[in-house]
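Coordinate-derived values only; no laboratory data. All of these numbers come straight from a predicted model, not from anything done at the bench. No Cβ is skipped: glycine too gets one built from the backbone with ideal geometry, and neighbour counts run over all protein chains shown.
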Amino acid sequence: MANDLSSQALSVTEASFAAPDPMNEQYDTIFYLIRQTTGASHVAIQFDGAPMQAVPVDLACIQAPLVHQGRRIGVLRAYAKEFESGAAHMLAGFAVLAAEHHALWSVAHCDMLTRAMTRRAFMADLGRAVATWQRGGVPCSLVVFDLDHFKKINDTYGHAAGDAVLRAVAHVVQSELRPCDRLGRLGGEEFGVILLADAESAMEIAERLRAVIEGTIVRDYPVIEFTASLGVATCTALTDTRETLMSTADEYLYQAKEAGRNRVLGAVSIPEFELFD
């Protein structure tokens, strides 16, 4: 029963603090126009790499690719019992418009170097996650990390190498996260991760991220070795706002640096046997 409630809470939370991406209000007008002009009863966008969506049964489907700068980024689908004449042609036109919307959204919300969220977008999502915790008690944790001695990488190998390291780190960290988690670039070599997790789980995830970062090999720069220090904070009565959560995670990050770097610190300790499994 507890697991069922936890799953329900997670499902509600994912919808509650979802970033304002094109799957939400950004595309409402386009979806409305598609329904009005094609006779569709249901419209959906599937971005490449995203989890597969449920498909309406007993409905005909037409689709058009979403293409940006010559590269396919997804597909626009419409479903109906019966489509209006010329519906496929109309949908192709809306797909062009949808791709342009997505490109504009990416500029506003994604860091162009790492493809992580921008600081502004990340902080907005963090505020939503904390608000969801306040309403329903669904766990929310924040991991803040930065790369140790990153300036030395730039000084030794050049800024192109430093950029490659940042891209690689963002990629490997994102690959370890669930769809409901968020990765943002807070500035320079500092990143943040929003986790729908309690303190113990957040510490375990942070330790996994630390290990993955340490083991990352950067394409074209295999000789570069690097580590990260991480601070973890979880919503509690004492950290019940976006600002207090961020300041607490920052403080643990500072302590991790002072303690020797390449480690995770938070309110909960990680058992030593877990670190070396």
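Quick notes on this structure:
- Other-chain or far-sequence residues with amide H under 5 Å of L186's (modelled H): F191, G192
- Among (1) 33, 27, 20; (2) 25, 22, 19; (3) 38, 24, 15, the entry that matches semi-axes √(5λ) of the Cα gyration tensor in Å as calculated here: (3)
- Highest to lowest packing among 73-83, 167-177, scored as the average C-beta count within 10 Å: 73-83, 167-177
- Residues of region 70-94 with an amide N closer than 19 Å to a point placed 7 Å from the Cα of H42 along the Cα-to-Cβ direction: 75-84, 88, 91.
- For K257, the lysines whose Cα comes closer than 17 Å to its Cα, not counting residues fewer than 8 places off in the same chain, are K151, K152.
- Of all DSSP beta bridges confined to region 119-275, the antiparallel ones make up roughly 85%.
- Backbone geometry of region 114-121 corresponds, through the Karplus equation with coefficients 6.51, -1.76 and 1.60 at θ = phi - 60°, to 3J(HN,Hα) couplings of 9, 6, 6, 5, 5, 4, 4, 5 Hz, x marking Gly and Pro.
- Between 0 and 90 degrees, the angle of helix 28-38 with respect to the longest Cα principal axis of the chain falls at about 20 degrees.
- Each of E176 and E258 was given a label point 7 Å from its Cα along the Cα-to-Cβ line. The distance between the two points is 2.5 nm.
- Working note: 222 nm ellipticity from helices only, DSSP H runs with n ≥ 4, each -39,500 (n - 2.57), summed and divided by the residues of the chain, gives -15000 deg cm²/dmol to the nearest 500.
- What the phi angles of region 73-90 give under the Karplus curve with 6.51, -1.76 and 1.60, with θ = phi - 60°, is a coupling list of 10, x, 9, 9, 10, 10, 10, 6, 5, 8, 8, 5, 4, x, 4, 5, 5, 4 Hz, glycine and proline written as x.
- Take the Cα of R72, step 7 Å toward its Cβ, do the same at A211, and the gap between the two points is 3.7 nm.
- Net charge, L59 excluded, C-beta distance under 15 Å - Lys, Arg +1, Asp, Glu -1: 0
- Centroid-to-centroid separation of region 84-105 and region 198-271 [C-alpha atoms, Å]: 42
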